[in-house]
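A short worksheet on the structure shown next.
Taken together, the values in this text are just the output of simple stated rules run on the coordinates, not laboratory data. Everything numeric in this text was worked out from a predicted model, so none of it was measured. Note: ideal-geometry Cβ built from the backbone for every residue, glycine included; neighbour counts use all protein chains shown.
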Amino acid sequence: MKKSFPVTPLSYAVSIALPVAALLIAFQPLGLLLLSPLQCQLRRWQLPVSLPTEKLDKSTEKPGTPLVAIKKPPFPCCEGDNSCFDNQIWGENGQQPDKKVLISSLDNSLRYLQTNAAKAAYKRYQVSGISRERVIKSLQRFRQLLIESKSAAELNEAVTKEFVFYQSVGHDKQGKVLFTAYFEPLYIASRQPTVEYRYPIYSLPPDLRNWKRPHPTRLDLEGADGLQGSKGKLKGLELFWFKSRLEAYMIHIQGSAKLRLLDGTETTVGYAGNVRHNYQSIGKALIDDGELPSSGVTMPTILEYFEKDPKKLDVYLPRDPSFVFFQENKGAPAQGSIQVGLSADRSIATDKSLMPPGALALIRSNFPFVKDNGNMEHRIVSRYVLDQDAGGAIKGAGRVDYFLGTGKIAGDRAGVTVSNGQLYYLLLKNPS
């Protein structure tokens, strides 16, 4: 269900994940949280230049592989510091235990891995040692260990014994991965246009495949004010209407939304297709024009700017030529690019030309959490996740977009998630 929209020919059925932070161009580093002992700090989890790796078949290994199998597990320590444990499974940071959510996410991936789409994807997958069969057995065994384990420490110990960790080489070839986050907005919408509800989102044009290239841009399709769609190619394709143009645009950015309709019922919409234009950051445009400072810009900053001066939307939104089409999903959860429901805090999006779809991964980075007083606090955590989505803005081995769920709190967290960390895929040592 992802974000920025590439010119790369993606299947129209594939959802595109565009991180909230894709609206940004510059940010202040969140800083290294000083942990004790030293070896638990994030920088110690990066891939050493001379890291000993699992013996790979050099005849089939491709140059520039995005993943490296490491001989030792990535847990350098756990005593005195819980950040290498996935304590969220049993509840931490003010959040409820989510073992059932993780099990459900595992089951979603296992269903996908039985499909023809998965078989085709893994026939193309080129990282040595990672096959669909091995991924399936790895998920099945991890699921069993997850059910049996009584604590995060017990689960880590079992994983260390039975799994090989394939680390992403990151954007620096030493394991550094940039994390952003996305979410499913919750907005009020109308099935019919009214004086208040004027800004539509649109269903997929039935003849989109026949549109001449280059495709029309956002400005061509809906006009500078976002209200001209009915005068051109989008006539009759209106799906739902919104009070705010910014809300309609945010659904383009996130790729899906939950809607509360005027009659009190609820429904959901999800990605159905897009024009072939690259996403252009309106955050960057605001910075380039001197409207926002060159550093420290976050999604809340951008939203506040447009809330204070809504007319500026007519200036900046047309600078993004990308445009997304939607379908009504009638309450179904947000879906990822592998066509399974996404799970809050348990699904990620990566570049599917490099990373194994549906696979089990471990992420470790600095993520925001809401405190009891409503303030946000960043903490380094580790999370077992499933790779279930993709996105036009998520390219290369050094990018991950983390799905944080539905609604305002998820959106607040996603809006300030920009940090470096590590990404590992877990494969059974002996998948017999």
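Couple of notes before you dig in:
- Helix 132-148 axis, angle to the chain major axis (alpha carbon atoms, nearest 10°): 80
- Taking 14 Å as the straight-line reach from the Cα of residue 243, the aspartates and glutamates in range (excluding those fewer than 8 positions away in the same chain) are 196, 225, 307.
- Karplus 3J(HN,Hα) series, Hz, for region 198-205 with 6.51 cos²θ - 1.76 cosθ + 1.60 (x for Gly, Pro): 10, 9, x, 10, 10, 7, 5, x
- Distant-in-sequence amide contacts of residue 175, defined by a placed amide H-H separation under 5 Å and a gap of 5 or more residues or a different chain, comprise 47, 170.
- Over region 206-307, relative contact order from alpha-carbon pairs under 8 Å, at least 6 apart, %: 17
- Candidates 401, 351, 372, ranked by Gaussian network fluctuation over the chain, Cα under 10 Å, top entry: 372
- Kirkwood-based shape ratio for the chain, expressed as Rg/Rh from alpha carbons: 0.97
- GNM result for the chain, Cα springs below 10 Å: residue of 299, 376, 355 fluctuating most strongly: 376
- Between the helical axis of 99-112 and the longest alpha-carbon principal axis of the chain there is an angle of about 80 degrees.
- Near residue 428, the amide H atoms lying under 5 Å from its own belong to 138, 164; only residues 5 or more places off or on other chains count, and H is placed 1.01 Å from N.
- Contact order for the chain, expressed relative to its length and based on alpha carbon pairs under 8 Å spaced 6+ residues apart, stands at 31 percent.
- Helix 152-162 axis, angle to the chain major axis (alpha carbon atoms, nearest 10°): 70
- The residues 400, 101, 418, when put in order of fewest to most other Cβ atoms within 10 Å, stand as 101, 418, 400.
- Of the chymotrypsin sites (Phe, Trp or Tyr not before Pro) found in region 132-220, those in coil by DSSP whose Cβ has at most 13 other Cβ atoms within 10 Å are 211.
- Computed [θ] at 222 nm, deg cm²/dmol, the chain (DSSP H ≥ 4; -39,500 (n - 2.57); rounded to nearest 500): -6500 deg cm²/dmol
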